[in-house]
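S.K.: Below: one structure in structure tokens.
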């Protein structure tokens, strides 16, 4: 439906690729219709994609929808075992893979390389779009799993349509606009961006293997007007620039999300990109991507304010998007008072809450438990403190690691930090601050503890301070706390 | 007719097709070109014609809303008929776009 609308309104506009060799919406539409024919002819009942982000993603996403089967982009960085475990969850998949991953999957039936699929799709007879009920599954996304085994979140056509029409104005992009996409295709933001940019009419440019220098160069070369990054990418871009403001004359907006943004990185980025509008987008795989946005105006107002409550909004994820409601609940399920922290529950047509094999996890009134710890201020700004699972319970008190991390990241010697809880006989858990130091810096554990004690409650003072060379992250920039805890508690560590 | 979020409808007398973004509760008298909208897959009643005072047309990708700004319909295929609720023509909802977040 969206592709038809796009073709009607701006069929000859560039949809995908560089300025010199872009594919138009019309051309994409023909590939999609031919691709749908091929998917149907193969007898597949789902489509899996094992490859880096690129023009194939929107084509496969739309062709699967046109063929009436679910689409599942998979994490190509997984081991062969890991990938095959996910593939086993899919129903008779047609597996489309980059050349480099083809050998990992070619023992399955129905495997094609991306190039082979695209060529065949362009040559095939267009198939009419399947007529599916809107509550059928459109996309299956395995959740990022920083905790144990990945589950497949079901996103229905109605969830995705609701997200797109609720947050994007059709055809709003100018013909010369271009978006730079550097997130991996198995992240919900990649699926979201394929749809929202198509619906806005914005040309999509890809950087499949992120490098800060390459990112900056591509923005300049392709006249990129908007981009989306995860916080670790922005940290690397800022590090790469040093003190020199970026030369990115065409860039008007930069969205970030997927993990918590260290406020020091954000402040530096605001100074290095003074003409760019920043947007923090908060959402989960299960909510069809963004449910709250901290807009460019919010950023500017917070950064320029003397009022500490307004300034604090720089660390918030903004206000809810139209159509989404939120409720912060105490452990017993009662709504928390305004400003108090608790678990965030959300409700709205873009939220699915259905997992393959598990069914719906929505409560009786349709609310979805995000398992994020959060609070909402009187003006409706949402502050996410972190995963509920990451909360440290020390001496019966709940401590959100993010609060301590936000303080430590401002220590002059600290480049990066993660705060975790490790088992302790006396306290239940004790607080360990794992820090990565700036080049040439040294720290003294007591001094670090005093630094925190001067800014937070005594009970939030780290018990131990450990220095390491780097922290483990997922490709989308979520810190792997379990790994850190495992390292700290293994018999080999001292 | 009772309408719900995400429901798709078509005009009986022109090409207009739309999707409901925000519904009104209860029974809603939704028309296009002077005649009731029908389900996207339904067949129009034979012999109906576009009413002369209901031919203002609509635009692809625009959202239409009632005076109270409660109802919201998105036109997915444009047509010549006027969209109306209870006989009152709907108006285009001004764009208040969120920043691109994907």
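Computed from the coordinates by the stated procedures, all read-outs in this text should not be read as laboratory data. Just so you know, these numbers come straight off a predicted model, no measurement behind them. Here Cβ is always computed from backbone atoms with ideal geometry, including for glycine, and neighbour counts include all displayed protein chains.
S.K.: What are the extents of the Cα atoms of the range A:277-332 along their three principal axes, in Å, largest first?
M.R.: Projected onto the principal axes, the Cα atoms of the range A:277-332 cover 36, 29, 17 Å.
S.K.: Contour minus end-to-end for residue A:244 and residue A:467, with contour as 0.36 nm per residue of separation and end-to-end as the Cα-Cα distance?
M.R.: So the extension gain works out to 77.3 nm.
S.K.: Report the per residue volume, in Å³, of the convex hull enclosing the C-alpha atoms of the range A:144-241.
M.R.: Cα-based convex hull of the range A:144-241, divided per residue, equals 110 Å³.
S.K.: Continuing with the same structure: Using only alpha carbon pairs under 8 Å that are at least six residues apart, calculate the relative contact order of the range A:172-236 and give it in whole percent.
M.R.: RCO, the range A:172-236: 46 percent.
S.K.: Follow-up question, since we're still on this one. Please give the peptides A:237-247, A:93-103, A:62-72, A:110-120 ranked by average Cβ packing (other Cβ atoms within 10 Å per residue), highest first, as a rough proxy for protection.
M.R.: A:62-72, A:93-103, A:110-120, A:237-247
S.K.: Taking the highest mean first, how do the peptides A:359-365, A:188-194 order by number of other beta carbon atoms within 10 angstrom per residue?
M.R.: Highest-to-lowest ranking by the protection proxy: A:188-194, A:359-365.
S.K.: Equivalent-ellipsoid semi-axes (√(5λ), Cα gyration tensor) for chain B, whole Å, largest first?
M.R.: Over the Cα atoms of chain B, the ellipsoid semi-axes are 22, 14, 14 Å.
S.K.: A follow-up question, please. Within 10 Å of each residue's Cβ, count the other Cβ atoms and sort A:358, A:376 from fewest upward.
M.R.: Going from least to most buried by this count: A:358, A:376.
S.K.: Specify the inter-centroid distance of the range A:310-329 and the range A:99-148, based on alpha-carbon positions, in whole Å.
M.R.: Between the Cα centres of the range A:310-329 and the range A:99-148 lies a distance of 35 Å.
S.K.: Here's something else I'd like to know. Give the relative contact order (percent, whole number) for chain A; include only Cα pairs under 8 Å separated by 6+ residues.
M.R.: Relative CO of chain A lands at 10 percent.
S.K.: Please order B:71, A:456 by the number of other Cβ within 10 Å, starting at the fewest.
M.R.: Fewest to most other Cβ atoms nearby, the residues stand as A:456, B:71.
S.K.: Quote the relative contact order of the range A:303-389 in percent (integer), defining contacts as alpha-carbon pairs under 8 Å separated by 6+ residues.
M.R.: 29 percent
S.K.: Further question on the same structure: Within 10 Å of each Cβ of A:168-180, how many other protein chain Cβ atoms are there on average?
M.R.: 3
S.K.: Give, in nm to one decimal, the length gained when the segment between residue A:311 and residue A:442 is fully stretched (0.36 nm per residue of separation minus the Cα-Cα distance).
M.R.: Net length gain for the segment: 44.1 nm.
S.K.: While we're here: Using helices alone, I'd like the mean residue ellipticity at 222 nm for the protein assembly as shown: each DSSP H run of four-plus residues gives -39500 (n - 2.57), total over residue count, nearest 500.
M.R.: About -7500 deg cm²/dmol.
S.K.: Any idea what angle helix A:231-241 forms with the longest principal axis of chain A, computed on alpha-carbon atoms, 0 to 90 degrees, nearest 10?
M.R.: In chain A, helix A:231-241 runs at an angle near 80 degrees to the longest axis.
S.K.: Let me ask something else. At a Förster radius of 51 Å, what calculated FRET efficiency corresponds to the Cβ-Cβ distance of residue A:393 and residue A:123, to the nearest 0.05?
M.R.: After rounding to 0.05, the efficiency reads 0.25.
S.K.: Does anyone have the angle between helix A:212-222 and the longest principal axis of chain A? Alpha-carbon axes, 0 to 90°, nearest 10?
M.R.: Approximately 40 degrees, to the nearest 10.
S.K.: Next question, about the same structure. Need one value for A:131-139: mean number of C-beta atoms belonging to other chains within 10 Å of its residues' C-beta atoms.
M.R.: Shielding by partners across A:131-139 averages 1.
S.K.: Treating the angle as unsigned and between 0 and 90°, give the value, to the nearest 10°, between the Cα long axis of helix A:114-123 and the longest Cα principal axis of chain A.
M.R.: 30 degrees
S.K.: Further, regarding this structure: At a temperature of 10 °C and a viscosity of 1.306 mPa s, determine how fast the range A:303-389 diffuses translationally according to Stokes-Einstein, using the Kirkwood radius over alpha-carbon pairs as Rh; express D in µm²/s, rounded to the nearest whole number.
M.R.: The calculation lands on 114 µm²/s.
S.K.: While we're here: List, largest first, the extents of the alpha carbons of the range A:107-170 along their principal axes, each in whole Å.
M.R.: Sorted from largest, the Cα extents of the range A:107-170 read 38, 37, 23 Å.
S.K.: Now, a different point. Quick check on the range A:46-190: take the gyration tensor over C-alpha atoms, sort the square-rooted eigenvalues as a ≥ b ≥ c, and tell me if it's rounded (a/c under 1.5), prolate or oblate.
M.R.: Verdict is rounded for the range A:46-190.
S.K.: Using a 10 Å cut-off around each Cβ of peptide A:35-44, what is the average number of partner chain Cβ atoms that fall inside?
M.R.: Averaged over the peptide's residues, the number is 0.
S.K.: On to the next question. Treat each spin label as a single point 7 Å out from the Cα along the C-beta direction, and report the residue A:337 to residue A:136 distance in nm.
M.R.: It works out to 5.1 nm between the two label points.
S.K.: A follow-up question, please. Which whole-percent values make up P(r) of the protein assembly as shown when all C-alpha to C-alpha distances are grouped in 10 Å steps starting at zero?
M.R.: Percent of Cα pairs in each bin: 3, 16, 25, 26, 18, 8, 3, 1, 0.
S.K.: With each label point set 7 Å from Cα along the Cα-Cβ vector, what nm distance links residue A:174 and residue B:27?
M.R.: The two pseudo-label positions are separated by 5.1 nm.
S.K.: Where both partners of a DSSP beta bridge lie in the range A:214-355, what percent of those bridges are antiparallel, to the nearest 5?
M.R.: For the range A:214-355, the DSSP antiparallel bridge percentage is about 60.
S.K.: Further question: Grab the beta carbon distance between residue A:99 and residue B:46, set R0 = 56 Å, and tell me the FRET efficiency rounded to 0.05.
M.R.: 0.50
S.K.: Something else now. If packing is taken as the average count of other Cβ atoms within 10 Å, what order do A:347-353, A:369-375 fall into, highest mean first?
M.R.: Result, highest mean first: A:347-353, A:369-375.
S.K.: With just the Cα atoms defining each centre, how far is the range A:15-72 from the range A:337-381? Give it in Å.
M.R.: Result: 32 Å between the Cα centres.
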